[in-house]
Each structure stands twice: as structure tokens, then as C-alpha cells.
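Just below is one structure, and these are the notes that go with it.
The values are calculated or read from the model by the stated rules, or taken from the named source; none is laboratory data. Please read these numbers as outputs of a predicted model, since none were measured by experiment. Note that we place each Cβ from the backbone using ideal geometry, even for glycine, and neighbour counts take in every protein chain shown.
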2 protein chains.
Amino acid sequence: MVMNQQNLDLVFNALADPTRRAMLARLSKGETNISTLASPFNISQPAISKHMRVLEKAGLIERTRKGREHIISIAPAPAKQASEWIAFYTSHWETRFDAVDAYLKQHNLHNPKN
Amino acid sequence: MVMNQQNLDLVFNALADPTRRAMLARLSKGETNISTLASPFNISQPAISKHMRVLEKAGLIERTRKGREHIISIAPAPAKQASEWIAFYTSHWETRFDAVDAYLKQHNLHNPKN
DNA sequence: TTGATTCATAACCATGTGGTTATAGATCAT
DNA sequence: ATGATCTATAACCACATGGTTATGAATCAA
């Protein structure tokens with residue numbers, strides 16, 4: 001549990017918007033510039049710019065410049081820490097069980113009769 | 001991935017407030033009535049009532065009445081689904097690895113040299 | 001019954017947020 | 001150089017949000 005409360009504020013707040021979640025989902029397939037990332041959304045370019053800023057302040061994305069383009073990529077660490085916070089406050093035995101269960105399912109070792 | 005976008009909005013938004021996260025952390029130790037839950041916080045009773053409503057609408061808590069008291073308990077499922085959403089959009093290999101790694105550590109099967 | 005306790009609701013306020021249009025700075029292409 | 005493209009910023013608007021105080025409805029205790 002590395003993340004402090006203020007960062008958690010920023011991360012959860014950033015994730016609370018469906019447009020920003022869709023952007024992150026798109027970014028999970030690979031980095032792009034902002035225009036490409038924005039193209040599926042029916043909102044103005046300044047609105048996109050604001051969303052980028054929110055995600056960036058939360059540490060959820062990283063930005064590098066390539067000429068006039070801003071290349072955006074996902075920074076998974078803060079999201080993972082938010083996920084860990086959730087796992088921490090929900091009952092421990094349950095999340096532990098789920099982690100194991102998911103692993104077994106993914107590797108076809110799961111026995112539904114158990 | 002059972003949860004729809006609107007529920008994710010509500011859940012992440014509810015988690016974005018430090019007071020509400022502290023309440024959930026307190027609730028992770030067991031159910032209480034609202035007054036007890038509220039006592040550590042230096043805000044008015046109506047403010048507490050509003051936070052309860054936000055958590056309840058997000059499905060993060062459950063409420064039962066016992067006389068004049070409202071007994072609040074955690075409902076872990078929605079939070080878990082939010083956590084799963086994060087795991088889904090962050091790189092899959094990484095979260096899978098983490099799940100396995102956490103399991104091994106908890107059961108003292110972890111070999112730091114690997 | 002009376003008073004205290006638990007909680008919700010209404011009305012209000014200041015601030016934040018997601019959207020807009022207008023504008024401008026860089027950079028690329030011609 | 002000129003025009004198009006990519007992005008940011010400023011100014012604005014409507015609405016949501018987190019807080020407040022005031023009030024009231026139930027319930028418990030005496």
C-alpha cells in the first residue's frame with residue numbers, strides 16, 4: 001500500500017468518468033497520439049485536452065512529445081495500487097480466493113465440482 | 001466483467017472521496033450503525049448521511065434497520081468488479097503475474113531468487 | 001408522556017467539473 | 001512563406017458535489 005490518500009483521490013476520480021475509462025481501455029492496446037485517441041469521441045478538442053490532464057495528474061498516463069504530436073501511453077502502476085486498495089478494504093479471504101481462482105481458470109486447472 | 005458503465009461511474013466516484021474510503025476501511029472490520037461509523041469524522045450528521053447515500057447508490061454498502069439505528073455493512077462485489085475493470089485495462093500479463101505472486105507469498109511458497 | 005438519540009430531508013452556499021467557443025503556439029507539408 | 005494539423009489555454013456556462021444549518025420523523029429510555 002504505497003499510494004497516499006491524495007493520489008487515490010486523483011486516481012479514483014479520473015476513473016469515475018466513462019470517457020476517460022474508454023481512453024484507458026483504448027490505450028491498453030498500445031500508445032497513440034492524442035488525436036487518434038480522441039477520434040472515437042464526439043466531444044471538442046479542448047474537452048479531450050482536459051481529460052488528458054486529469055489522467056496525467058492522476059499518474060495514469062505518460063506523455064512524450066514527438067514533434068507536434070503528444071504520444072500517450074498507460075502507466076499501470078497507480079491503477080494497480082488503486083486496485084490493491086480495493087483488495088485491502090474488501091474482505092481479505094475473498095480477494096485471495098479470487099486471485100487463486102482466476103489463475104486456475106486461466107490455466108484450465110479449475111474443477112467446477114470443488 | 002459484469003458491471004456496466006454507469007455502475008462503474010458510481011463506484012469509482014464513491015471511492016474518490018477520502019472520507020468515504022475511510023468509512024469503507026472502518027466497515028471492513030465489521031458492521032456498525034451510522035453514528036459509530038461517523039464518530040471519527042469532524043463533519044455534520046447530514047454530511048455523513050449524504051456519504052452513506054453515495055456509497056449505497058454505488059452498491060458498496062448494505063443497510064438494515066434495527067429500531068432507530070441503521071446497520072451498515074460492506075457489499076464487496078461492486079468494489080471487486082471495479083478492481084477487475086482495472087485489472088482488465090492494465091496489461092494482462094502483469095496483473096496475472098501479480099495474482100500468482102501474491103498467492104505464493106501468502107502461502108510462503110515464494111522464492112525471491114526466481 | 002417527555003426527553004434524548006438516530007437518522008433523513010430541505011434549503012442554501014462555495015467550489016469543482018465537463019462541456020463549449022475562440023484563440024494561439026508549434027510543427028509539418030507544400 | 002503559407003496553410004494545415006496538433007495541442008493548450010482562456011473564458012464562459014450548466015450542473016454536480018461536499019459542506020453547512022434548520023427541521024422533523026421514529027425510536028428508545030425515564
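Could you identify the single residue in B:R53, B:R20 that is within 8 Å of DNA strand D (Cβ to nearest atom) and basic (K, R)? First the steps, then the outcome.
Numbers: B:R53 fails: within 8 Å of DNA strand D (Cβ to nearest atom).
Exactly one of B:R53, B:R20 is within 8 Å of DNA strand D (Cβ to nearest atom) and basic (K, R), namely B:R20.
Taking the stated definitions as given, is A:E56 among the acidic types (D, E) and at pLDDT 95 or above? Yes; evaluated as a whole, the condition is true for this residue. Of all residues in the range A:6-46, those that are more than 8 Å from chain B (Cβ to nearest Cβ), near DNA strand C (Cβ under 10 Å from one of its atoms) and touching a residue at least 24 places away in the same chain (Cβ under 8 Å) total 5. Checked against the criterion of being more than 10 Å from the chain's Cα centre (by Cα) and small (G, A, S), the range A:63-75 contains one or more residues that satisfy it. As a summary of the residue check, A:K105 satisfies the conditions (1) assigned to a helix (DSSP H, G or I); (2) away from DNA strand C (no atom under 13 Å from the Cβ); (3) at pLDDT 70 or above except for the one numbered (3).
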